[in-house]
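In what follows, a structure is listed as structure tokens, so that the remarks can point back to it.
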Amino acid sequence: MDGEFATNTDPTDRWSLVVPLKPLPLAKTRLTGSAGDALRPRLALAFAQDTVAAALACRAVRDVAVVTDDPTAAAELAALGARIVPDTPAAGLNAALAHGARAVRAVRPGAPVAALNADLPALRPGELARVLDAATEFPRAFLADAAEIGTTLLAASSNSELSPAFGGPSRIRHLSSGAVEIVLAEVDSVRRDVDTGDDLLVAAALGLGPHTARRYAAFGQLPAARPGH
């Protein structure tokens, strides 16, 4: 499953994204009350599928590396066109992201790399492109989540280290590390990560990708996918 990127090492090329995904049975535990243990791993996979599909459709994105040890997720996301990078550090989220960035740059030295959350089921390629375009102006930049507490995207331009500090109140940690906060209007789909049932309802109002919409609709709870997905 550990595929290879093309050998284009032009540092001005489009972004390589690193998407972390923990084993599905352990993912999205805060959805348990609203989704149930049986549905929760399937929703987590659907979120990741819609995130990766939208990222790969983004004009600013060259490729996507998913860092995961989950065999089901690996197979499904590889089928979409992602490269699967085994989580060999097995030391948590930030170690996985740093490992993924190294895997990208082992093939593309100096590549611009961005870490992106795997739980953005309403992600729109055009909005992601706007965020990444803004990130090109800085050595490191990030986008806060909708709550303005966490982070949904952290970007490192050519020859800058990613230095991720995700988890909990990561917005302030990324600010403190010297990363510039990206402030843009109308990029809600890039900021709307889903941890709770309420988050999922807000994402549904934005318009879900097809994998999440199908999974939710099977339980009679979600609208159809937004047009164009």
> Among the residues of the stretch 67-101, which ones are of a type in the set (Val, Ile, Thr) and surrounded by fewer than 18 Cβ atoms within 10 Å (Cβ to Cβ)?
Replying inline: Thr72, Thr88
>> Looking only at the stretch 106-126, filter to residues that are surrounded by 21 or more Cβ atoms within 10 Å (Cβ to Cβ) and more than 18 Å from Ala179 (Cα to Cα); which one of those is modelled with the lowest pLDDT?
In response: Arg108
> Inside the stretch 94-120, can you point out the residues that are without any contact (Cβ under 8 Å) to a residue 12 or more places away in the chain and either within 15 Å of the chain's Cα centre (by Cα) or assigned to a loop (DSSP other than H, G, I, E, B) (or both)?
Replying inline: none
>> Looking at the stretch 133-145, can you tell me whether even one residue there is modelled with pLDDT under 95 and assigned to a loop (DSSP other than H, G, I, E, B)?
In response: no
>> If Ala91 meets every condition in (1) outside any helix (DSSP H, G or I); (2) among the small types (Gly, Ala, Ser); (3) free of Cβ contacts under 8 Å to residues at least 60 places away in the same chain; (4) over 20 Å from Leu162 (Cα atoms) apart from one, which number is that one?
In response: (4)
>> Among the residues that make up the stretch 68-86, is at least one of them closer than 19 Å to Asp195 by Cα, assigned to a helix (DSSP H, G or I) and out of contact with any Pro (no Cβ under 6 Å at 6 or more places or on another chain)?
In response: yes
> Among the candidates Leu200, Leu162, Leu153, which residue alone is under 17 Å from the mean Cα position of the chain (by Cα), crowded, with 16+ Cβ neighbours inside 10 Å and at pLDDT below 95?
Replying inline: Leu200
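The values are calculated or read from the model by the stated rules, or taken from the named source; none is laboratory data. It should be emphasised that the depicted structure is a prediction, and the values quoted were computed from it without experimental measurement. Counting neighbours? That spans all protein chains shown, and the Cβs are built from the backbone with ideal geometry, glycine included.
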